[in-house]
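Coordinate-derived values only; no laboratory data. Fair warning: this is a prediction, and the values are worked out from it, not measured in the lab. No Cβ is skipped: glycine too gets one built from the backbone with ideal geometry, and neighbour counts run over all protein chains shown.
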Amino acid sequence: MTVSRDRRAPPRAARRLPRARARTVRTPWELRPDPHFTALFEAQVVVMAMSGVAVTEIARRVREPDSRIWDMLGRAVDEAREGAGCSGAPRVGVDDTARARGQRHISVMADVDGRRVVAVTEGGGKGAPARLCDQPGAHGGDRSAVAEVTRDMASSYSLGCAEAMPSAAQTVDRFHVMRPPSKALDKMRCAEAKSCEEKGRLLRGTKYVWLKRPENLTERQAEKRASLASEHLLTARACAMVEAVRAVYSCAAREEAAAELDWAVSWIMHSNVPEMKKAARSIRDEREGVLNWFSARSSNGFLEGMNSIIQSLKRASRGFGNVGYFTTMIFLRLGRLDFSAQMASGCATH
């Protein structure tokens, strides 16, 4: 029997055959046929990657090309995803985040209840939800079992989710509903401040006086807002409209919220504040998605937090030119994958 001296490759058992050919056999510490690394070595690399060590630093420590490390991590993620399955995700959230400069994005699907990433695809748009649903389907998931999907107010996601998950109710996240009116309010403040010198003096330094919720205002800010309310400013009227939309979420039932929402949208559409009308149209177009929030009160807030972690991963690696590598790192950090099989195999055989 001959044994390889390479510390990274498994020993090779050989015996004399009639034609003097060597025959290799599987050893207990092989994860797959003809591996380059032992099971324990791969487990150590996975642990380093999950702890936040950059792949370039891992490659430097183990003295291997980074491409080989990425291939190893990609295999480990694929095997863990196969073992995990995606059948237990009745509620999912869909959102996009920047991959690189120049409007290049990736779309992410996460399990709302499990707080884990279940799919990642390059790009956004109408086709992104279908591509996202294909990935869980390849790992045992069923898109017809999804009962609810939370998303932002992008019309492309609305159409894409309707095609990819026709049986799922679409819920527009509360944060994304309030963002267009808030942006329109600040835009109105800037435009009115530039309209004349007197209004510019009144509105100078009042950005957060208008954008904050009344209960979050300091005493000084509350006094400032109350004094400006009597100046007949369009900004003050726009602020009242934002509060009217926000008041919808204080309703206890969907029917009450529907009446409150319809009244707020009608008021804005018949007002003389043009910046707010565009926001009201977008809310009116997503009326059912806004009201679906009152069924389960689902939120995409955790997905926004995941996007922050994804951006930190991108910054730590100085960007990803390869989307596959980016996807691998996202699943390592946010997929909540179970690598115990790889770890047990590595520890049991050494």
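For R315 and S271, the difference between the fully extended length at 0.36 nm per residue and the C-alpha to C-alpha distance is 11.4 nm.
Between S308 and R336, the simple label model (points 7 Å from Cα in the Cβ direction) yields a spacing of 1.9 nm. Taking θ as phi - 60° and the Karplus parameters 6.51, -1.76 and 1.60, the scalar couplings of the range 211-222 work out to 7, 6, 5, x, 6, 9, 6, 6, 4, 5, 5, 5 Hz in sequence order, x denoting glycine and proline. Arranged from fewest to most other beta-carbon atoms within 10 Å of their beta carbon, R281, R246 become R281, R246.
Taken about its Cα centre, the range 174-296 carries a charge dipole of roughly 540 debye when the Cβ of each Lys and Arg holds +1 and the Cβ of each Asp and Glu holds -1.
Neighbour counts of C-beta atoms inside 10 Å place R75, R99, R297, R63 in the sequence R63, R297, R75, R99, starting with the fewest.
Which parts of the range 226-253 would a label at R213 reach, counting a residue when its backbone N lies under 20 Å from a point 7 Å out along Cα-to-Cβ? The answer is 226, 238-253, whose backbone nitrogens lie closer than 20 Å to the label point.
The fewest-to-most ranking of C196, C239, C161 by surrounding Cβ atoms within 10 Å reads C196, C239, C161. For the pair the range 269-288 / the range 211-262, the C-alpha centres are spaced 16 Å from each other. Site pair A222 and R254 shows an inter-label distance of 3.7 nm when each label is modelled 7 Å from Cα along Cα→Cβ.
3J(HN,Hα) along the range 186-192, derived from phi through the Karplus expression 6.51 cos²θ - 1.76 cosθ + 1.60 where θ = phi - 60°, amounts to 5, 5, 5, 4, 5, 5, 5 Hz, with x in place of Gly and Pro.
With each label modelled as a point 7 angstrom along the Cα→C-beta vector, the K194-V62 pair spans 5.5 nm.
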